[in-house]
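The values are calculated or read from the model by the stated rules, or taken from the named source; none is laboratory data. Everything numeric in this text was worked out from a predicted model, so none of it was measured. Quick reminder, even Gly has a Cβ in these numbers, built from the backbone with ideal geometry, and neighbours come from all protein chains shown. Areas reflect the complete protein model, heavy atoms only, side chains present, ligands, DNA and RNA absent. Shrake-Rupley method; radii C 1.70, N 1.55, O 1.52, S 1.80 Å.
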Amino acid sequence: MSFAKRDYLLEREREVQDMWDREAIFQMDSPKEEEKDDYFSHKNKYFVTFPYPYMNGRLHLGHTYSITKAEFAVGYQRLKGKRCLFPFAFHCTGMPIKACADKLKREMEEFGFPPQLPLTSAQLSEEEEGHQGTFQWPIMRSLGISDEEIKKFAEPLHWLEYFPPLAKQDLKRLGLKVDWRRSFITTNTNPYYDSFVRWQFLTLKDRGKIMFGKRYTIFSPRDNQPSMDHDRASGEGVGPQEYTLIKMKALEPFPEKLWQVMS
């Protein structure tokens with residue numbers, strides 16, 4: 001079987017994508033005052049964005065399926081001559097990354113390095129019972145990461161440094177029409193985005209749209225903080241349960257069984 005045609009098309013694809021990079025095809029800037037004309041009018045603009053993918057692993061086919069909707073839309077509008085802007089960001093906020101890092105740390109503490117993980121339930125401690133197959137180390141190995149590299153993921157910040165560049169590389173290989181100057185990660189390691197989110201919440205608070213108070217929630221004793229749905233390794237959809245107690249007065253004469261309890 002010959003793959004000559006496939007290899008030719010892949011080579012041409014790489015050449016075109018390299019040209020896009022060199023010529024900054026997808027970079028879009030605001031016009032200077034003297035450049036403003038019909039081409040820069042409001043009606044000739046098109047903006048598209050995509051929910052930041054979470055960076056606790058590589059991008060997968062589900063991301064690709066969703067991204068194509070934005071990708072095809074912005075490509076079509078470019079062909080119509082519009083000035084199109086497609087920024088892209090990577091979501092690193094929240095508990096899932098820290099939870100995965102903590103799991104790796106515990107696995108090294110309990111099973112050594114590289115961890116010699118138990119294969120049978122008889123080898124699991126009572127706390128680990130029922131969680132066989134959910135160890136983090138094999139998941140990282142399945143991504144093609146070496147044991148020496150996996151060790152670094154016990155620190156949450158390493159996830160922020162490792163996966164976003166790989167995601168960007170995959171998206172560029174896909175041919176996404178993104179202005180990569182307008183790319184960022186979340187968390188307070190990015191002070192610009194972090195200050196933007198803080199401004200949003202402070203503004204909403206000043207306008208009386210949000211307030212600080214107490215409410216019932218799911219709490220993680222291990223992390224000493226509330227644990228929302230997508231922050232948990234298991235138990236998604238579980239919420240606080242509410243009970244209503246009704247106090248009723250029993251009138252004499254009491255049934256015999258109730259007399260026995262009272263005595």
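Here are some notes:
- Count of residues meeting criterion [under 17 Å from residue 179 (Cβ atoms) and open to solvent by 30 Å² or more (accessible area, probe 1.4 Å)] in the stretch 74-112: 3
- Contact map, the stretch 155-182: first residue closer than 19 Å to residue 95 by Cβ, second residue surrounded by 15 or more Cβ atoms within 10 Å (Cβ to Cβ) and among the acidic types (Asp, Glu), Cβ cut-off under 9 Å, separation 6 or more or different chains; pairs are 156/102.
- Selection of the stretch 197-217 for residues being among the β-branched types (Val, Ile, Thr) and farther than 22 Å from residue 56 by Cα yields 203, 210, 217.
- Whenever a residue of the stretch 90-107 is basic (Lys, Arg), its partners that are open to solvent by 60 Å² or more (accessible area, probe 1.4 Å) and at pLDDT 90 or above, lying with C-beta atoms within less than 9 angstrom and at least six residues away or across chains, give the pairs 105/155.
- Single match in 33, 71 (criterion: surrounded by 14 or more Cβ atoms within 10 Å (Cβ to Cβ), over 13 Å from the mean Cα position of the chain (by Cα) and of a type outside the set (A, V, I, L, M)): 71
- Contact map, the stretch 239-258: first residue closer than 30 Å to residue 219 by Cα, second residue among the hydrophobic types (A, V, I, L, M, F, W, C) and surrounded by 10 or more Cβ atoms within 10 Å (Cβ to Cβ), Cβ cut-off under 9 Å, separation 6 or more or different chains; pairs are 239/218; 240/218.
- Counted residues, the stretch 211-231 - those being part of a loop (DSSP other than H, G, I, E, B), under 26 Å from residue 55 (Cβ atoms), in contact (Cβ under 8 Å) with a residue 12 or more places away in the chain and not aliphatic (A, V, I, L, M): 4
- Whenever a residue of the stretch 192-210 is closer than 19 Å to residue 93 by Cβ, its partners that are at pLDDT 90 or above and open to solvent by 100 Å² or more (accessible area, probe 1.4 Å), lying with C-beta atoms within less than 8 angstrom and at least six residues away or across chains, give the pairs 210/201.
- Of the candidates 156, 115, 164, the single residue that is over 20 Å from the mean Cα position of the chain (by Cα) and either modelled with pLDDT under 90 or surrounded by 15 or more Cβ atoms within 10 Å (Cβ to Cβ) (or both) is 115.
- Put simply, of 73, 101 the only residue that is at pLDDT 95 or above and not basic (Lys, Arg) is 73.
- Unique match (being basic (Lys, Arg), at pLDDT 90 or above and surrounded by 14 or more Cβ atoms within 10 Å (Cβ to Cβ)) among 207, 182: 182
- Of the residues 2, 66, 30, the single one that is under 16 Å from residue 86 (Cα atoms), part of a loop (DSSP other than H, G, I, E, B) and among the small types (Gly, Ala, Ser) is 30.
- The set of residues in the stretch 199-219 that are among the charged types (D, E, K, R) and under 21 Å from residue 231 (Cα atoms) comprises 214, 215.
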